[in-house]
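The values are calculated or read from the model by the stated rules, or taken from the named source; none is laboratory data. Since we're looking at a predicted model, the values are computed, not measured. Positions of Cβ are generated from backbone atoms using ideal geometry, with glycine treated the same way; all protein chains shown enter the neighbour counts.
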């Protein structure tokens with residue numbers, strides 16, 4: 001009887017674990033990513049979301065990028081009450097589902113492609129197009145700034161991506177250099193710019209304000225800080241990106257995020273002659289970082 005009882009208890013425990021795993025499933029698949037792909041080299045990116053590494057498809061030999069997003073569990077949050085943990089897991093699962101839903105909708109040369117998704121007990125894996133040129137930010141750090149001609153090439157592609165997103169009802173909400181990648185290691189003039197990371201992106205309805213405060217401090221529009229904004233905030237971020245491309249530093253600065261956001265609220269930015277004398281007057285007349293959305 002003891003053996004039977006123990007067996008039944010073990011079976012019940014496994015069933016509960018299976019039910020719990022299904023409850024927090026993001027992709028609805030139990031296929032193993034390593035059945036199809038072989039990891040290649042070290043991490044190529046990392047952040048609060050998890051990490052990104054290169055991999056090769058076992059069947060085709062195609063090289064891809066795989067974004068691994070860890071699931072929240074008691075081991076990673078030992079001091080968290082079970083009820084609060086459940087809320088956090090629901091929130092994280094929903095956020096990932098929305099990111100995957102949005103990425104599956106995308107079909108544009110300047111937005112990164114999502115090929116497929118996998119999931120195990122610890123991680124959700126997003127298999128994506130590999131952008132071997134790395135972050136645009138890296139190029140800026142190496143060169144200090146772009147020429148006007150290079151800035152035009154980059155921004156034309158960024159605008160094409162943003163306008164496409166808006167045309168299909170998606171607001172990115174985190175346009176920045178770190179989320180702007182180069183498809184290859186070719187020079188800017190021969191490269192393709194890709195907008196990535198849709199973790200903060202959302203679907204919107206024209207005429208209805210969005211209210212969640214989201215974004216990165218130096219790129220965020222003042223309307224976001226007021227928690228009432230529309231999709232034009234992406235254009236503000238594009239203006240900040242263009243400013244940095246042309247001079248090598250952001251228009252709104254401060255020692256802390258709070259100081260930066262105060263500068264944004266006040267509209268406190270300028271074009272120092274020491275860095276802008278070689279930039280054409282047309283580029284200096286930037287309309288994108290105007291406070292009023294209709295003027296952008």
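Figures for the structure shown
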item	result
Residue identified as in contact (Cβ under 8 Å) with a residue 60 or more places away in the chain and surrounded by fewer than 16 Cβ atoms within 10 Å (Cβ to Cβ) among 105, 122, 176	105
Residue match in the stretch 59-73 (condition: surrounded by 12 or more Cβ atoms within 10 Å (Cβ to Cβ), modelled with pLDDT of 95 or more and part of a loop (DSSP other than H, G, I, E, B))	yes
Scan of the stretch 53-68 for residues that are closer than 20 Å to residue 199 by Cα and touching a residue at least 24 places away in the same chain (Cβ under 8 Å), ordered by number	54, 64, 65, 66, 67, 68
Index of the failed condition, residue 165 passing every other in (1) farther than 20 Å from residue 92 by Cβ; (2) in the same structural domain as residue 64 (by TED's automatic domain parsing); (3) touching a residue at least 24 places away in the same chain (Cβ under 8 Å)	(2)
Selection count where residues are loosely packed, with under 13 Cβ neighbours inside 10 Å, assigned to a strand (DSSP E or B) and modelled with pLDDT under 95, scope the stretch 33-49	5
Qualifying residue in the stretch 278-289 (condition: over 20 Å from the mean Cα position of the chain (by Cα), more than 30 Å from residue 68 (Cβ to Cβ), surrounded by fewer than 18 Cβ atoms within 10 Å (Cβ to Cβ) and modelled with pLDDT of 90 or more)	no
Among (1) assigned to a loop (DSSP other than H, G, I, E, B); (2) over 18 Å from residue 179 (Cβ atoms), the one test that residue 132 misses	(2)
Criterion violated by residue 125 - all others in (1) over 20 Å from the mean Cα position of the chain (by Cα); (2) at pLDDT 90 or above satisfied	(1)
